[in-house]
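*Asks:* Below: one structure in structure tokens.
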Amino acid sequence: MLEVENISKKAGDFSLKDVSFKVSSGEYFVLLGVSGAGKTMLLDIIAGLRRQDSGRIVVDGDDITHVRVNKRGTGLVFQDNTVFPHLNVQRNIAYPLVGKGFPKSEIHARVLKWAETIDIVHLLHRKPASLSGGELRRVAIARTLAMEPRFLLLDEPLSSLDVLIQYDMMRLLKKLHNSGQTIIHVTHDYNEAYTLADTLAIINSGRVEQTGPPAEVFQHPASRFVSVLAGIRNFFTGIETKKINELWCHTIKEGLNIYSSETCVQGSSIFIREDEIKFLQPGDPADVNFFDGIITDIIPSPEFYTVVVDAGANFFARVTNEDMKTMNIHSGDRARIKIDPNAVKPV
Amino acid sequence: MFLIAPIAGMFFATPVSDVFESSKDKEVRDSIWLTLFTAMGATLVAAIGAIPLAYLLARKEFRFKRIVLGIVDLPIVIPHSAAGIAILGFISRGTALGKFASVFGVDLVGHPIGISIAMAFVSIPFLINSARDGFMNVPVRLEKAALVLGASPIRVFFSISLPLAWKNVVSGLIMMFARGMSEFGAVVIVAYHPMVTPILIFERFGSFGLSYARPVAILFILVSLLFFIVLRLLTKNKNA
């Protein structure tokens, strides 16, 4: 088990603040955050490339905080493909093995084993300059696995790869995970995190905001930032919250109240999933949480449309392609939307 | 044209037979061998300290680094005769180095080792600066990747940094060797005898005139060119 305990580090204007999390053996742990959140700095600290100001890193009960980088046995695959340009693929993969003093036959066997696992046997005699971005990424992963690291640290492993190669890489990472490899993966991509993670940690401005299984984190975001990462754009912070009958009334702005059936406290924020916002047809009954507004934008995507309605605040509603055909709505039209109080979730 | 004309003029003004005769002259041959040997020795021995120093200057920030960089360039800017005087004061018998050498029965003044020291002094900036540029061009991320893969800093230097900076290091070595071979001002003060070729050319010119100095100069230029071409060819594959 890897335990990151209260890691803090200041670097210029940025600082990691009291970061803690645990990664069990065999777990796929994803750190999700936007650029500049401190993800890479944290990986560098775990790998031993940077020294933290305070905090500890413990692996299987051993404090490795002050163990030198080349003695940590922690494999880090850098974002910018640090494949050694003067060595061919075979010698790149052999690099960590040569230093361990294995006989040549053993090195050859191990290089072949990892090349087969990562499916790059056909590249073994090629120089890095002749490889594509995806191939370089695979070589870097094979080389790191050859050292048989306790933890595989991946810094944005799918970034700057085209979509088809990203899919192949995801399959490869899942395969490695299924073979028992513990993986700590940092990314800014919500879909990537959701697809791969057993456990997800959301990092923002050097602080871990929420940790848990991806479904739980995205169903119950603990902050506006997590909501945004989860693709929730209907996130509102009330200026006043009060209980009226059995419902909780959030005043978002003067004259704009949203009712929730879940218990809230003063100052609670609320969020509404986009598919929970419904369009009312003329004559449809409406009691609470209906809003009149103007459609300001219709954003298409392969599976659905996102319709933006300005009803004093911007509401983002998801409309299926089929519904879109029957509704016959256009940008600039007036529209009435409805939100079930049960769909209004407090944060 | 400005660079080619004087050399071409010298070649055209000198009969091939004179150059051929000079090549059979033992004094000329000995001086060329001595020049090659002392310049090569100076380059190889100095490289042991200069290349790691260049790496440190490329990678580390420390107090007074700019002063150290200025000191490295000092031999380029001071007159070489003055450099010779300075070296003479450093290696003569009364100095610590001179006394140390005399323990082994060597008087550095007038000795090939003294010549090598003079050559190294004036030419070492070419190696340090070129190697430093090379190391600065090696991405630090590659060195960090090697460390994470379990390599010691020494192994990282020899397996990653040095091979990737190799082109600049070799250029620096060749430039240092070339500059050492052609040195006159500092060497003539440290050791008139045994005569390196630049001093022999000067002496032939002073004693016998231009027509006696030219064949030796041409022979020396040809040998120098041959050496540089061979060195470049030997390192070409490594750089590719």
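*Asks:* Condition first: of a type in the set (Gly, Ala, Ser) and closer than 14 Å to B:Ala47 by Cβ. Now tell me which residues in the stretch B:93-140 satisfy that.
*Replies:* B:Ser116, B:Ala120, B:Ser123, B:Ser130, B:Ala131, B:Gly134
*Asks:* Being out of contact with any Pro (no Cβ under 6 Å at 6 or more places or on another chain), part of a helix (DSSP H, G or I) and either surrounded by 21 or more Cβ atoms within 10 Å (Cβ to Cβ) or not acidic (Asp, Glu) (or both) is the requirement here; does A:Ile45 meet it?
*Replies:* The answer is yes for A:Ile45.
*Asks:* Considering only residues that are acidic (Asp, Glu) and under 17 Å from the mean Cα position of the chain (by Cα), which ones fall in the stretch A:141-174?
*Replies:* Across the stretch A:141-174, the qualifying residues are A:Asp155, A:Glu156.
*Asks:* Given the condition within 20 Å of the chain's Cα centre (by Cα), away from chain B (no Cβ under 14 Å) and at positive phi, answer yes or no: does some residue in the stretch A:36-52 qualify?
*Replies:* Checking the stretch A:36-52: at least one residue is within 20 Å of the chain's Cα centre (by Cα), away from chain B (no Cβ under 14 Å) and at positive phi.
*Asks:* Determine which member of the set B:Met181, B:Met176, B:Met195 is touching a residue at least 24 places away in the same chain (Cβ under 8 Å) and surrounded by fewer than 23 Cβ atoms within 10 Å (Cβ to Cβ).
*Replies:* It is B:Met195.
*Asks:* Let me ask something additional. I'd like the full set of residues that are touching a residue at least 12 places away in the same chain (Cβ under 8 Å), polar (S, T, N, Q) and not in a helix (DSSP H, G or I), limited to the stretch B:59-114.
*Replies:* B:Ser92
*Asks:* Another question, if that's okay. Go through A:Thr144, A:Thr82 for me and flag whichever is within 13 Å of chain B (Cβ to nearest Cβ), surrounded by 20 or more Cβ atoms within 10 Å (Cβ to Cβ) and either assigned to a loop (DSSP other than H, G, I, E, B) or of a type in the set (Lys, Arg) (or both).
*Replies:* A:Thr82
*Asks:* Then there is this: Restricting to the stretch A:266-281, and then to whatever is in contact (Cβ under 8 Å) with a residue 40 or more places away in the chain, part of a loop (DSSP other than H, G, I, E, B) and not basic (Lys, Arg), can you tell me which residue is surrounded by the fewest Cβ atoms within 10 Å (Cβ to Cβ)?
*Replies:* A:Leu280
*Asks:* Among the residues of the stretch B:121-142, which ones are assigned to a helix (DSSP H, G or I) and either facing chain A (nearest Cβ under 10 Å) or closer than 25 Å to A:Phe151 by Cα (or both)?
*Replies:* Listed by number, the residues that qualify are B:Val140, B:Arg141, B:Leu142.
*Asks:* Let me ask you something else. Go through (1) surrounded by 21 or more Cβ atoms within 10 Å (Cβ to Cβ); (2) part of a helix (DSSP H, G or I); (3) within 11 Å of chain B (Cβ to nearest Cβ) one by one and return the number of the condition A:Asn70 breaks.
*Replies:* (1)
*Asks:* Here's another thing I want to ask about it. Read through the list (1) within 11 Å of chain A (Cβ to nearest Cβ); (2) touching a residue at least 60 places away in the same chain (Cβ under 8 Å), then give the number of the only condition that B:Arg155 fails.
*Replies:* (2)
Here's the yes/no breakdown for (1) assigned to a helix (DSSP H, G or I); (2) more than 14 Å from every other protein chain (Cβ to nearest Cβ):
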| residue | (1), (2) |
| --- | --- |
| B:Lys144 | yes, no |
| B:Leu147 | yes, no |
| B:Ala151 | no, no |
| B:Pro163 | yes, no |
| B:Lys167 | yes, no |
| B:Ser171 | yes, yes |
| B:Met176 | yes, yes |
| B:Ala186 | yes, yes |
| B:Ile189 | yes, yes |
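Computed from the coordinates by the stated procedures, all read-outs in this text should not be read as laboratory data. Source: prediction; values computed, not measured. Please note: Cβ atoms are built from the backbone with ideal geometry, for glycine as well, and neighbour counts cover all protein chains shown.
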